[in-house]
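Novice: Just dropping this structure here.
The values are calculated or read from the model by the stated rules, or taken from the named source; none is laboratory data. All figures in this text were calculated on a predicted structure; none of them were measured in a lab. For neighbour counting, all protein chains shown are included, and Cβ atoms are generated from backbone atoms with ideal geometry for every residue, glycine included.
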There are 2 protein chains.
Amino acid sequence: MKRNYVRPLDLKNGRVDMTHGAGGRASAQLIAELFAPAFDNPALRRGDDGAVLCELAGLPLGARLVMATDAHVVSPLFFPGGDIGALAVHGTVNDVAVMGAEPRWLSASFILEEGFPFAELKCIVDSMAAAARSAGVHIVTGDTKVVEQGKGDGVFISTTGVGVRRPGVELSGANARVGDSVFVSGPVGDHGVAILSCREELAFDSPIVSDSAALHGLIADLLAAVPQVRVLRDPTRGGLATTLNEIAAQSGVGIALDESAIPVRPAVAAACEFLGLDPLYAACEGRVIVIAPAEADALVLAALRAHPQGREAARIGSIIEDPHHFVQMTTAFGGTRIVDWLTGEQLPRIC
Amino acid sequence: MKRNYVRPLDLKNGRVDMTHGAGGRASAQLIAELFAPAFDNPALRRGDDGAVLCELAGLPLGARLVMATDAHVVSPLFFPGGDIGALAVHGTVNDVAVMGAEPRWLSASFILEEGFPFAELKCIVDSMAAAARSAGVHIVTGDTKVVEQGKGDGVFISTTGVGVRRPGVELSGANARVGDSVFVSGPVGDHGVAILSCREELAFDSPIVSDSAALHGLIADLLAAVPQVRVLRDPTRGGLATTLNEIAAQSGVGIALDESAIPVRPAVAAACEFLGLDPLYAACEGRVIVIAPAEADALVLAALRAHPQGREAARIGSIIEDPHHFVQMTTAFGGTRIVDWLTGEQLPRIC
C-alpha cells in the first residue's frame, strides 16, 4: 500500500501526534513512510491485518513451533551499545533461541507518546530493522498506538517471536539434573551497568557498553556440537543470580557456584562497587547460561569459545542436590554464601 | 513454578510497585499468584522464556501459519460491554480470523503503571482468561514490565496471535474485484460510541454497549459455507469508512456504498449526532466486513445470519472500477458523497 500524501512526514523535525494512532490517514502515512520501508518484506508489504508465514509442509517433520514475547520499556531509549529497537529484537530472538528454536518471524507493536520526535523514532526503527536482518528474522506484522503526553514515556515496544525447533531438541529450565555443569557464555552484568551508568550520568575511565546481541548463532553452533545440552537461559532482568534461582526452582535442584570462575569485566566490577550493586544481579542481554551433563564439559567450552560471542565462556558451577533449591557460591575468599533471588534492590526499566 | 511466599499478594488492596517489574522475587510472585492461575495451560505452566506450541506434524498438510499483533491502550480500561483484557483477546483473535486462520495461541505482554491496583489487574486478567477460553485460544507465554507513575496509564496490553490457515483459503485486502459485493456482519460504531460516551460521562436512554467479541466462529461458518469469500476485515480504528478505504487502496478498486443499507443502531446514530461523529468512522470490535463475488450474495447473507453474531448482517455495497480508489456512498436522500479516510477527527485510544 504505497500512497502519495500531500506532504511527506517531516522525519527531521516532525513529531508524533494523536492522529498517528487514530487509524486514519495519518496512521497509514506513518506506516507507509516510516515503518514499511525499514522492515520491508513480502508479508508486511501486503498490508493486511496479519501475516501469512510459511507453508508448514516446508518445515522438518516433527519440528515444533516456539513462541516468546517481551515488552520493552528500557530507559533511556538510547544507551552505549544499543537502543530500545535493537534490544526489542535481541530480547525476543534470544527467548526463542534459548528454547532451542531457530527464530524466524517477529511481530512488533509500538506504544508511542504524543510529541515523540520522528527523527528518534526513525533511529529506533532503523536499528530494529538492522538487528532483525542480522538475526535472520523478518518483522512480518505490527501495530502502532499513540497515547497522550504524560501517559507513556517516548516509546514502548512489544515484540513476539515465532521460531522452529528441530525434532529431538528438548530444552527447558526444568531439565537440570544433579551432577550437571553450569556455564555462562561471557562476562555478566554489562547491560545492566551500562544502563545504570547512563541513567546516573556516570563517566567511567573505560566506557561500559551493553552486551545486547542476538544469540541464535552461538546457540545453533552449541546445539550442533553438544545435543545433550539440557538448559539454556538468557540472564536478563535479575541477572545471573535470579535466573539461576529460577532454574533451581523449576528443576527442583540446588546450584553451587564458584565466584572466582564467574567472568566479570573489571570496569563492570568497579562500577558495581561504586553503585552499590552486585554484578550477579545486573542484567545481561547477550549472554546465555548453559547447563549440560558434566561429561560434555570440554565439548561445551570448545563450542562456546569457537564462536566470537563465546570467547570468554566459562564453567561457573554445578547442579547439586538441595531440597531448598538454593543457589550457593564459594566466594573468592573461600567462604560460602547463599545467592538469593533479587529482592530489595530495584533495577527497573533495564530492558 | 509454584512457590510459597512469606505473604501472598494482597489482591484486594495491594498495588503494583516497581519491584514487580524488576525480574526478581516480586515479579515471580505476581506471575505465580495472579497471571498463572488465570491463564493456566501446559505451555505456560513450564515457566520457560517461551512456549512450545504444537507438533507441526499434527496440522493439515499445506496449512499455513498466520500471525497478528495489537497493542491495546483503550481508555477507560473498563467500559460497557467489556474491558481492556477481553478487548486484547478479541482484537488479536479477530485479526487472525480475518486472515482465514483458526486462532490457536496468544502471547500477552503487560506494561503496568506503578500504583495500579491489583484488584483491577485481576479483573482484567480474569476477563482475558474468560475471553481466551471462549475463543478456544491458549495464552501460552507472556511478559510483564512496570513503569513509574506518570510514565504509563494503568495497563497497556500487547497481544500476538498465531493461527493455522487451512489449505486453499486465500484472503487478503488486496483481493477485491470489480463486481464483488460488500457486506457487514452487524450494526457499526457500537464500540467507538460506547467508549466515547463513557469517556464523556454521557448517559443515554438506552445504554450503548461495545460489540467487542471474538469473530472466529462466525468466520469459520462463513468460510465453510462460502469458500469463494475474497476479503475479510474487521473495521476497528477508523471504522467502516477507513477500513473500506484501505481495502480500496490495497485492491486498486473503488467501492460504492448504499447508506440506507448500512446497519446502525438508533441509539448509536443518536449519540453520534449529539457527539458530532459519523458512525461510519466509529470503531467496531465485533464486526466483520465481507467481500465476495456477487453470485454468492444469498449464500453469504444466509451464512452470516445463521450465526448469532451475524443476525443483522447486510449487503451494503459493491466493488466498482475507479482509478482514484474512492469509497463513495449513495446517501439516504439520493445524493452521492465521497467517504474519505478518517482525517481531521481524532478518536484516540479507542482500542
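Novice: Please work out if A:Leu11 is more than 7 Å from chain B (Cβ to nearest Cβ), closer than 29 Å to A:Arg349 by Cα and in contact with a strand residue (DSSP E or B) (Cβ under 7 Å, 6 or more places away or on another chain).
Specialist: Details: more than 7 Å from chain B (Cβ to nearest Cβ): yes; closer than 29 Å to A:Arg349 by Cα: yes; in contact with a strand residue (DSSP E or B) (Cβ under 7 Å, 6 or more places away or on another chain): no.
No.
Novice: Another question about this same structure. Could you list all residues from the stretch B:14-24 that are more than 16 Å from B:Asp49 (Cα to Cα) and either at the interface with another protein chain (Cβ under 7 Å from one of its Cβ atoms) or without any contact (Cβ under 8 Å) to a residue 24 or more places away in the chain (or both)?
Specialist: Our first condition is that a residue be more than 16 Å from B:Asp49 (Cα to Cα); within the stretch B:14-24, this holds for B:14-20.
Within the stretch B:14-24, B:Met18, B:Thr19 meet the criteria.
Novice: Any idea which of (1) closer than 22 Å to A:Ala88 by Cβ; (2) surrounded by 24 or more Cβ atoms within 10 Å (Cβ to Cβ) is the one B:Ala97 doesn't satisfy?
Specialist: Only one criterion is unmet by B:Ala97, namely (1).
Novice: Here is a further query. Test A:Pro323 against the stated conditions and say whether it is at pLDDT below 95 and on the phi < 0 side of the Ramachandran plot.
Specialist: Numbers: at pLDDT below 95: no; on the phi < 0 side of the Ramachandran plot: yes.
The answer is no for A:Pro323.
Novice: Which members of the stretch A:226-244 meet the condition of being of a type in the set (S, T, N, Q) and surrounded by 23 or more Cβ atoms within 10 Å (Cβ to Cβ)?
Specialist: Of all residues in the stretch A:226-244, those of a type in the set (S, T, N, Q) come to A:228, A:236, A:242-243.
Once the filter is applied, which keeps residues that are of a type in the set (S, T, N, Q) and surrounded by 23 or more Cβ atoms within 10 Å (Cβ to Cβ), the stretch A:226-244 yields A:Thr236, A:Thr242, A:Thr243.
Novice: State the number of residues belonging to the stretch B:44-60 that are more than 7 Å from chain A (Cβ to nearest Cβ), in contact (Cβ under 8 Å) with a residue 40 or more places away in the chain and more than 30 Å from B:Lys12 (Cβ to Cβ).
Specialist: 1
Novice: Can you list residue pairs whose Cβ atoms sit under 8 Å apart, with the first residue in the stretch A:164-184 being within 16 Å of A:Ala220 (Cβ to Cβ) and the second being of a type outside the set (A, V, I, L, M) and surrounded by fewer than 16 Cβ atoms within 10 Å (Cβ to Cβ)? Count only pairs 6 or more apart in sequence or on different chains.
Specialist: Correct list of pairs: A:Val164/A:Pro60; A:Arg166/A:Pro60; A:Pro167/A:Pro60; A:Pro167/A:Gly62; A:Gly168/A:Gly62; A:Gly168/A:Pro227; A:Val169/A:Pro227.
Novice: Still on this structure, please answer the following. Any residue at all in the stretch B:56-75 that's crowded, with 21+ Cβ neighbours inside 10 Å and polar (S, T, N, Q)?
Specialist: yes
Novice: Can B:Ala131 be described as farther than 30 Å from B:Ser318 by Cβ and either out of contact with any Phe, Trp or Tyr (no Cβ under 6 Å at 6 or more places or on another chain) or surrounded by fewer than 21 Cβ atoms within 10 Å (Cβ to Cβ) (or both)?
Specialist: The answer is yes for B:Ala131.
Novice: Mind checking which residues of the stretch B:300-351 are in a helix (DSSP H, G or I) and touching a Leu at 6+ places or on another chain (Cβ under 9 Å)?
Specialist: Taking the stretch B:300-351 as the starting set, the residues that turn out to be in a helix (DSSP H, G or I) are B:300-305, B:308-310.
Answer for the stretch B:300-351, where residues must be in a helix (DSSP H, G or I) and touching a Leu at 6+ places or on another chain (Cβ under 9 Å): B:Val300, B:Ala303, B:Leu304, B:Pro308, B:Gln309, B:Gly310.
Novice: How many residues are outside any helix (DSSP H, G or I), of a type in the set (S, T, N, Q) and either within 7 Å of chain A (Cβ to nearest Cβ) or under 19 Å from the mean Cα position of the chain (by Cα) (or both) if we restrict to the stretch B:113-157?
Specialist: Initially, the stretch B:113-157 is screened for residues outside any helix (DSSP H, G or I), giving B:113-117, B:136-157.
Now drop any that are not of a type in the set (S, T, N, Q), which leaves B:141, B:144, B:149.
Next, only the ones that are either within 7 Å of chain A (Cβ to nearest Cβ) or under 19 Å from the mean Cα position of the chain (by Cα) (or both) stay: B:141.
Counting residues in the stretch B:113-157 that are outside any helix (DSSP H, G or I), of a type in the set (S, T, N, Q) and either within 7 Å of chain A (Cβ to nearest Cβ) or under 19 Å from the mean Cα position of the chain (by Cα) (or both) gives 1.
Novice: A further question on this structure: Going through the stretch B:154-202 one residue at a time, which ones are among the hydroxyl-bearing types (Ser, Thr, Tyr), surrounded by fewer than 24 Cβ atoms within 10 Å (Cβ to Cβ) and in contact with a helix residue (DSSP H, G or I) (Cβ under 7 Å, 6 or more places away or on another chain)? Give the steps one after another, and end with the answer.
Specialist: Initial filter on the stretch B:154-202 (among the hydroxyl-bearing types (Ser, Thr, Tyr)): B:158-160, B:172, B:181, B:185, B:197.
So of that shortlist, the ones also surrounded by fewer than 24 Cβ atoms within 10 Å (Cβ to Cβ) come out as B:172, B:181, B:197.
Selection gives B:Ser181, B:Ser197.
Novice: A:Asp40 passes all but one of (1) over 15 Å from A:Thr141 (Cβ atoms); (2) surrounded by fewer than 24 Cβ atoms within 10 Å (Cβ to Cβ); which number fails?
Specialist: (1)
Novice: Within the stretch B:102-111, is there a residue that is away from chain A (no Cβ under 12 Å), under 21 Å from A:Ser109 (Cα atoms) and within 23 Å of the chain's Cα centre (by Cα)?
Specialist: First, pick out the residues of the stretch B:102-111 that are away from chain A (no Cβ under 12 Å): B:102.
Filter again for under 21 Å from A:Ser109 (Cα atoms), leaving none.
Checked the stretch B:102-111: no residue is away from chain A (no Cβ under 12 Å), under 21 Å from A:Ser109 (Cα atoms) and within 23 Å of the chain's Cα centre (by Cα).
Novice: Would you confirm whether any residue within the stretch B:62-71 is touching a Gly at 6+ places or on another chain (Cβ under 9 Å), more than 7 Å from chain A (Cβ to nearest Cβ) and of a type in the set (S, T, N, Q)?
Specialist: There is no residue in the stretch B:62-71 that is touching a Gly at 6+ places or on another chain (Cβ under 9 Å), more than 7 Å from chain A (Cβ to nearest Cβ) and of a type in the set (S, T, N, Q).
Novice: If you don't mind, there's one more thing I want to ask. Can you tell me which residue among A:Leu202, A:Leu277 is touching a residue at least 24 places away in the same chain (Cβ under 8 Å) and either touching a Ser or Thr at 6+ places or on another chain (Cβ under 7 Å) or closer than 30 Å to B:Thr141 by Cβ (or both)?
Specialist: A:Leu277
Novice: Can you confirm whether B:Val327 is within 14 Å of chain A (Cβ to nearest Cβ), closer than 16 Å to B:Phe183 by Cβ and crowded, with 16+ Cβ neighbours inside 10 Å? Please lay out each step first, then the result.
Specialist: Numbers: within 14 Å of chain A (Cβ to nearest Cβ): yes; closer than 16 Å to B:Phe183 by Cβ: yes; crowded, with 16+ Cβ neighbours inside 10 Å: yes.
So B:Val327 fits the description; yes.
Novice: While we're looking at this one, here's another question. For the stretch A:212-236, which positions are within 19 Å of A:Arg305 (Cα to Cα) and touching a Cys at 6+ places or on another chain (Cβ under 6 Å)? Don't jump to the end; show me each part of the working.
Specialist: Initially, the stretch A:212-236 is screened for residues within 19 Å of A:Arg305 (Cα to Cα), giving A:212-235.
The one that is within 19 Å of A:Arg305 (Cα to Cα) and touching a Cys at 6+ places or on another chain (Cβ under 6 Å): A:Pro235.
Novice: Do we find a residue being out of contact with any strand residue (DSSP E or B) (no Cβ under 7 Å at 6 or more places or on another chain), closer than 19 Å to B:Gly47 by Cα and hydrophobic (A, V, I, L, M, F, W, C) anywhere in the stretch A:250-261? Steps first, please.
Specialist: Of all residues in the stretch A:250-261, those out of contact with any strand residue (DSSP E or B) (no Cβ under 7 Å at 6 or more places or on another chain) come to A:250-252, A:260.
With closer than 19 Å to B:Gly47 by Cα added as a condition, the list becomes A:250-252.
From what is left, the residues that are hydrophobic (A, V, I, L, M, F, W, C) are none.
Among the residues of the stretch A:250-261, not one is out of contact with any strand residue (DSSP E or B) (no Cβ under 7 Å at 6 or more places or on another chain), closer than 19 Å to B:Gly47 by Cα and hydrophobic (A, V, I, L, M, F, W, C), which makes the answer no.
Novice: I've got another one for you. Of the numbered conditions (1) under 22 Å from A:Asn94 (Cα atoms); (2) among the charged types (D, E, K, R); (3) part of a helix (DSSP H, G or I), A:Asp297 satisfies every one except a single condition; which is it?
Specialist: In the conditions (1) under 22 Å from A:Asn94 (Cα atoms); (2) among the charged types (D, E, K, R); (3) part of a helix (DSSP H, G or I), A:Asp297 misses (1) alone.
Novice: All but one of (1) more than 30 Å from A:Leu59 (Cα to Cα); (2) surrounded by fewer than 22 Cβ atoms within 10 Å (Cβ to Cβ); (3) within 13 Å of chain A (Cβ to nearest Cβ) hold for B:Ala28; state the number of the condition that does not hold.
Specialist: Of the numbered conditions (1) more than 30 Å from A:Leu59 (Cα to Cα); (2) surrounded by fewer than 22 Cβ atoms within 10 Å (Cβ to Cβ); (3) within 13 Å of chain A (Cβ to nearest Cβ), the odd one out for B:Ala28 is (2).
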